[in-house]
Amino acid sequence: MPLKINTMEKKPGVFVVSLIGALDTHTHMQLASRLDAIRHSSPGLIVLDLEYLDYISSIGISSILKAGRAVKKHGGRVKLMNLQPQIRKVFEIINALPSQQIFANAREMDQYLDRIQRKVGGAESETELPR
C-alpha cells in the first residue's frame with residue numbers, strides 16, 4: 001500500500017504532516033525525507049496527523065521516533081494526532097507513546113498551541129517522545 005504525505009505550515013514553525021496509507025519498509029523513506037526537509041527549517045512543532053494511516057510497521061515507528069529525537073535536538077517537538085485504534089494499539093504494545101504526545105483532534109491541537117504560545121518563562125514541562 002502506498003503512502004501519501006500532505007504537509008501544511010499551520011503557523012510559522014508549526015507543521016502538520018498528514019499520512020495517508022501505510023508506513024512500512026516500502027514507504028518509511030518518504031516520511032524520513034519529508035521530515036528532514038521540514039527539520040532544516042527549524043520547526044518548533046511537527047504534528048503527525050495519523051487519521052488516515054491504516055498500517056504501521058516497526059520501521060515506521062522507528063522513523064517517527066527518530067524524527068522526534070532529531071527535532072528535539074534542535075529545540076522542537078514531534079506530537080501525534082488522530083491515531084486509528086490499530087495504530088494506537090501498536091504504540092501501546094511497545095510502550096513508546098506517552099499519552100501527552102497524542103492529540104484527539106485538531107481542536108485539541110489548537111488548544112495546546114494556544115497554551116504553549118501563552119506560556120512565558122517555561123513553567124510547564126512537556127513530555128516528549130521516548131529516546
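The values are calculated or read from the model by the stated rules, or taken from the named source; none is laboratory data. Keep in mind that this is a model prediction, so the values were computed, not measured. Methodologically, a virtual Cβ is constructed for each residue, glycine included, from the backbone with ideal geometry; neighbour enumeration extends over all protein chains shown.
Restricting attention to region 83-100, the residues that are within 17 Å of Leu19 (Cα to Cα) and either touching a Phe, Trp or Tyr at 6+ places or on another chain (Cβ under 7 Å) or at pLDDT below 85 (or both) total 3. Please specify each residue of region 1-30 satisfying the condition of being assigned to a helix (DSSP H, G or I) and of a type in the set (A, V, I, L, M, F, W, C). Within region 1-30, Met29 is the sole residue that qualifies. Taking region 1-15 as the range and being buried (at least 18 other Cβ atoms within 10 Å of the Cβ) and out of contact with any Gly (no Cβ under 7 Å at 6 or more places or on another chain) as the test, only Phe15 passes. Within the span defined as region 45-56, one or more residues are at pLDDT 85 or above and over 15 Å from the mean Cα position of the chain (by Cα).
Here's a check for you: in region 62-79, which residue that is outside any helix (DSSP H, G or I) and in contact with a strand residue (DSSP E or B) (Cβ under 8 Å, 6 or more places away or on another chain) is surrounded by the most Cβ atoms within 10 Å (Cβ to Cβ)? If you could, list the steps in order and put the result at the bottom.
Here is the first cut: in region 62-79, the residues outside any helix (DSSP H, G or I) are 74-79.
Then drop every residue that is not in contact with a strand residue (DSSP E or B) (Cβ under 8 Å, 6 or more places away or on another chain), which leaves 76-79.
Numbers: Gly76: 21, Arg77: 19, Val78: 25, Lys79: 19.
Residue satisfying both the conditions and the ranking: Val78.
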